Amino acid sequence: MKKIHCFHLGISFLLFLSVIFLFSGFKEIGEKESPEQETVQYSCVEVPDTMMFCGLPIDLTRYDRRERMDRELMAFAYMHSTSLQIIKRANRYFPIVAPILKEYGVPEDFIYLMVIESNVNPLARSYAGAAGLWQFMPATAKDFGLEVNSHVDERYDVEKSTRAACKYLKQAYARFGNWETVAASYNAGQGRIARQQDRQYEENALDLYLVEETARYVYRILAAKIMLSDPEKFGFRLRASDLYPPVPYHTVKVTESISDLPRFAKSQGTSFSLLRSMNPWLRDFSLPNHGKKEYVIRIPDKVEMHYNPRVIIPYDRNWVVE
């Protein structure tokens, strides 16, 4: 009888503990549901009703526009490594590209076109043969003043290719008179966009029926702008030290042929690998120059080229959470 009595006491005690735990659990659940104590994190970045592009608003409430925009926002949110690399590289190249756009009178929002063309990778090359930050094809690059051959390919020169892109964009704007259509023409070509405008009786590229790649193109630019305006909204939390800083360098001007670029690099106190990294437009081990053209070669500063997280300054404070 004594054992049975102890057994019942044990059961009663366990039931008592269970009730206490149950009520404490309800309290925790109530606390989690309180909007004052927790902010709900949704899986999708919210599509804005409208957004500015090149100084003018774009209405995104129409179902087709909203769903296209939603697709591109999800792409940036969930292709994590690519999106993070875009932000990191942008810190190095935006300070070079943005002033050139301004110099040519091209809206700064076209920096996001460069983002989706190359993921801000100056070495980017497509299967079709487009190359550089702005992904010029060889023929188009030559049309806009870039040198392209087996020894020199200025599509990989950040400043020169940006100037060439500005010339293209200004030419397209003179033809279309609207920047969304200019952006679409960068992907599809001016002739193809013009033919579709005539065939469909529409002026703005956002109202045209186009092949999927071009139909997505402007929305990808808009999504890149949203992501780079507020990376934390996409779940990306970076420190200033995570960003890639500009690499200090000095320049050497040459007007003669260089038969051995690795030897030239050594004479400048650097390696051929670093010389190519700083001058990706150099495409071989030599630089023929029979026309006495002046080339400006960047030489990395030996002392200041080492990583120092304490001196990295974000191009945009919204890129970091510190």
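Laboratory data are not the source of any read-out in this text; all were calculated from the coordinates shown. Every value quoted in this text rests on a predicted model; they were computed, and no experiment measured them. Positions of Cβ are generated from backbone atoms using ideal geometry, with glycine treated the same way; all protein chains shown enter the neighbour counts.
Here Ala77 passes the criteria (1) of a type outside the set (S, T, N, Q); (2) buried (at least 20 other Cβ atoms within 10 Å of the Cβ); (3) in contact with a Phe, Trp or Tyr (Cβ under 6 Å, 6 or more places away or on another chain) except the one numbered (2). Can you name every residue in the stretch 99-110 that is part of a helix (DSSP H, G or I) and in contact with a Lys or Arg (Cβ under 9 Å, 6 or more places away or on another chain)? Once the filter is applied, which keeps residues that are part of a helix (DSSP H, G or I) and in contact with a Lys or Arg (Cβ under 9 Å, 6 or more places away or on another chain), the stretch 99-110 yields Ile100, Glu103, Tyr104, Glu108, Asp109. Does the stretch 109-118 contain at least one residue that is out of contact with any Gly (no Cβ under 8 Å at 6 or more places or on another chain) and surrounded by fewer than 18 Cβ atoms within 10 Å (Cβ to Cβ)? Checked against the condition, which is being out of contact with any Gly (no Cβ under 8 Å at 6 or more places or on another chain) and surrounded by fewer than 18 Cβ atoms within 10 Å (Cβ to Cβ), the stretch 109-118 yields no hits at all. Among the residues making up the stretch 145-161, those that are part of a loop (DSSP other than H, G, I, E, B) and either buried (at least 19 other Cβ atoms within 10 Å of the Cβ) or within 18 Å of the chain's Cα centre (by Cα) (or both) are Leu146, Asp157.
Within the stretch 310-322, residues that are in contact (Cβ under 8 Å) with a residue 24 or more places away in the chain have Cβ atoms under 6 Å from residues that are part of a helix (DSSP H, G or I) and β-branched (Val, Ile, Thr) in these pairs: Trp319/Ile87, counting only partners at least 6 apart in sequence or on another chain. In the stretch 51-68, the residues that are surrounded by 11 or more Cβ atoms within 10 Å (Cβ to Cβ) reach residues that are of a type outside the set (A, V, I, L, M, F, W, C) and in a loop (DSSP other than H, G, I, E, B) with C-beta atoms within less than 7 angstrom, at least six apart or across chains, in these pairs: Cys54/Pro107; Leu60/Pro48; Leu60/Asp49.
Of Ser241, Ser259, all but one fail to be hydroxyl-bearing (Ser, Thr, Tyr) and touching a Leu at 6+ places or on another chain (Cβ under 9 Å); the exception is Ser259.
Among (1) surrounded by fewer than 20 Cβ atoms within 10 Å (Cβ to Cβ); (2) over 25 Å from Arg283 (Cα atoms), which single condition is Ser83 missing? Condition not satisfied by Ser83: (1). Among the candidates Ala183, Ala205, Ala164, the residue that is of a type in the set (Gly, Ala, Ser), touching a helix residue (DSSP H, G or I) at 6+ places or on another chain (Cβ under 9 Å) and under 15 Å from Thr140 (Cβ atoms) is uniquely Ala164.
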